[in-house]
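Asker: Okay, here's the structure, questions in a sec.
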Amino acid sequence: MAKKEEAPNMVERFAEFKELKNIDKTTMISVLEESFRNVLAKMFGTDENLDVIMNPDKGDVQIFQNLEVVPDGEVTNPNLQISLSDARADEDPDVEIGEEHTKEIFFADFGRRAILNLRQTLQSKILDLQKEAIYAKFKEMEGELVSGEVYQTWSRETLLMDDEKNELLLPKHESIPGDFFRKGETVLAVISNVDNKNNNPKITVSRTSDVFLRRLFEREVPEILDGLISIKAVARIPGERAKIAVESFDDRIDPVGACVGVKGSRIHGIVRELHNENIDVINYTANPSLFIQRALSPAKVSSIHLDEEEKKAEVFLRPEEVSLAIGKGGMNIKLASMLTGYTIDVYRDTPDQVDEDIYLDEFKDEIDGWVIDSLKNIGCITAKNVLNTPRQQLIDQADLEEDTVDNVIAILKAEFEEE
């Protein structure tokens, strides 16, 4: 009677397990077999002489016990041995002593306690499998955008639930200042860290990381996603201001214009997502002087002295440009340092320095404008910047002909000799 009563329940359990997400059929069969063996090993003392055959499509399992045939009256362990007469009576009339007799046993015959034990074992293993599957899935997604619905908010973190009801934790320090979430609201973030301590996956997301800004640009600017534009560097003070350096691999594409969009259409969506965080998009260059000059925008740099080994830069500006370079609360110069990797020190051009030096733009009557622009692009803003730069460096970095460089040097030297 027990067999007829419990067997349907076993079928129902199989049907339920087959529908589990993130667990493939082969793994599921292996776990089911292992669970049966664990329970059987406790019941029989061992599972070494048991064959467990899973039939998940049918929703059942067959268990066979292999017993050594011994003379009548010499059975010492009924879980491993069977008497000759019992073996022959069990549909094996030709078996002999020393041979192996196989008989089928029915799990349901062991009663409700055994089935309850099996179910608990299965539930435990399935839960472990699900946790491992969640960890593996989200570990591969680190650095990717994810959206979740606000489920609950505490003082130190917010719990989000994705479409598959996976829990995502957004710590307070990973939220943008000004973030305020209402229950049921959809929040966009980037997966920053996934760990699995004690087989308990913890998925942490962030809205303050540089990666979040990168992913937003990838989403809004198709040229970045297609690989035509590359994001070379990002610097952020979350909720306040950010700088991003971009480079185009196609001369026909203006990387800054593509990122900003027509009338700011592309960047406006990003700014709104970041609570009006101001974003400066600049053209990347491998020339450190020019990169620093662009990073300090909107300030206009007069001259730059670099120490490439120490990664330090001394930047000289007209007095009225200093406050622009430093920015409110030092924000602009801090972001420029973060973006370029250089420690930047800002200095005012003193009146003496201004008198002693002359901006290249003053020589437009004698030097072609495109030549002046080429020199300014490598950080040579003034006459003395040019004269203090090695001749070969001017030729190589400004991409000018030798005769052109010699002519420029001669004109500039003549100016100071006349003085």
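The values are calculated or read from the model by the stated rules, or taken from the named source; none is laboratory data. Owing to the predicted nature of the structure, the values given are computational and were not obtained by experimental measurement. Note: ideal-geometry Cβ built from the backbone for every residue, glycine included; neighbour counts use all protein chains shown. Ligands, DNA and RNA are stripped out before the accessible areas are found, and what is left, the full protein with its side chains, is counted by its heavy atoms. Shrake-Rupley method; radii C 1.70, N 1.55, O 1.52, S 1.80 Å.
Asker: Could you pull the Rg and Dmax for the stretch 119-267, using just the Cα atoms, both in Å?
Answerer: 18.4, 65
Asker: If I model a spin label as a point 7 Å beyond the Cα along the Cα-Cβ vector, how far apart are those points for VAL262 and ASN117 in nm?
Answerer: With each label point 7 Å from Cα toward Cβ, the separation is 7.3 nm.
Asker: So, for the chain, what is the accessible surface per residue at a probe of 1.4 Å, expressed in square angstrom?
Answerer: 56
Asker: Taking the Cβ-Cβ separation of TYR359 and ILE253 as r and a Förster radius of 30 Å, what is the calculated FRET efficiency to the nearest 0.05?
Answerer: E between TYR359 and ILE253, to the nearest 0.05, is 0.40.
Asker: At 0.36 nm per residue, minus the direct Cα-Cα distance, what do GLU100 and ARG318 gain on full extension? Give it in nm, one decimal, please.
Answerer: The span from GLU100 to ARG318 would gain 68.6 nm if fully extended.
Asker: Between VAL95, VAL61, VAL405, where does the largest GNM mean-square fluctuation fall for the chain, given springs only between Cα atoms within less than 10 Å?
Answerer: VAL95
Asker: Under the rule of -39500 (n - 2.57) per DSSP H run of 4 or more residues, summed and divided by the residues of the chain, what mean residue ellipticity at 222 nm is obtained, to the nearest 500 deg cm²/dmol?
Answerer: Counting only the DSSP helices, I get -12000 deg cm²/dmol.
Asker: Please name whichever of LEU324, GLY369, LEU400 sits farthest to the positive end of the charge dipole of the stretch 288-419, dipole taken about the Cα centre and charges placed at Cβ: Lys and Arg +1, Asp and Glu -1.
Answerer: LEU324
Asker: Local charge sum around GLU321 (other residues, Cβ-Cβ under 13 Å, Lys/Arg +1, Asp/Glu -1)?
Answerer: +1
Asker: Quick test of the membrane-span-like rule: which DSSP H helices of the chain reach at least 27 Å along their long axis (C-alpha atoms) with mean Kyte hydropathy at least 0.0?
Answerer: 25-44
Asker: In nm, give the distance between the simple-model label positions of LYS25 and HIS173, each being 7 Å from the Cα along the Cα-to-Cβ direction.
Answerer: 4.8
Asker: In a shell of Cβ-Cβ distance under 9 Å around SER147, excluding SER147 itself, what net charge do Lys and Arg (+1) and Asp and Glu (-1) give?
Answerer: In short, -3.
Asker: Once you have the Cα-Cα distance between GLN392 and THR343, take 0.36 nm times their residue separation minus that, and quote the gain in nm to one decimal.
Answerer: The GLN392-THR343 span can extend by a further 15.0 nm.
Asker: Hey, another quick one. Given points 7 Å out from each Cα along the Cα-Cβ axis, report the ILE411 to ASN287 separation in nanometres with one decimal.
Answerer: Computed distance between label sites ILE411 and ASN287 equals 1.7 nm.
Asker: Relative contact order of the chain: what whole-number percent is it, with Cα pairs under 8 angstrom and at least 6 residues apart?
Answerer: In percent, rounded to a whole number, it is 8.
Asker: What's the extension gain from ASN193 to LYS384 if we count 0.36 nm per residue and subtract their Cα-Cα distance?
Answerer: Computed gain between ASN193 and LYS384 is 63.7 nm.
Asker: Something else: Please report, in debye to the nearest 20, how large the charge dipole of the chain is about its Cα centre when each Lys and Arg carries +1 at its beta carbon and each Asp and Glu carries -1 there.
Answerer: Magnitude of the dipole: close to 2300 debye.
Asker: Roughly what percent of Cα-Cα pairs across the stretch 36-193 reach past 19 Å?
Answerer: 69
Asker: Here's another thing I want to ask about it. How large is the dipole of the stretch 283-375 about the Cα centre if only Lys and Arg carry +1 and Asp and Glu carry -1, each at its Cβ, rounded to the nearest 20 debye?
Answerer: Roughly 800 debye for the stretch 283-375.
Asker: Need one word for the stretch 214-267: rounded, prolate or oblate. Basis is the Cα gyration tensor (sqrt eigenvalues a ≥ b ≥ c); a/c below 1.5 gives rounded, then a/b vs b/c decides.
Answerer: Since a/c reaches 1.5 and a/b is larger than b/c, the shape of the stretch 214-267 is classed as prolate.
Asker: May I ask for the Rg/Rh ratio of the stretch 214-341, computed from Cα atoms with Rh as the Kirkwood radius, given to two decimals?
Answerer: 0.98
Asker: Can you compute log10 of I(q)/I(0) for the stretch 116-174 with the Debye formula, treating each Cα as one identical point scatterer, at q = 0.19 Å⁻¹?
Answerer: Those come out to -0.81, one per q.
Asker: Right, here's the next one. Can you work out the FRET efficiency for the pair MET331 and LYS165, with r the C-beta to C-beta distance and R0 = 35 Å, to the nearest 0.05?
Answerer: 0.30
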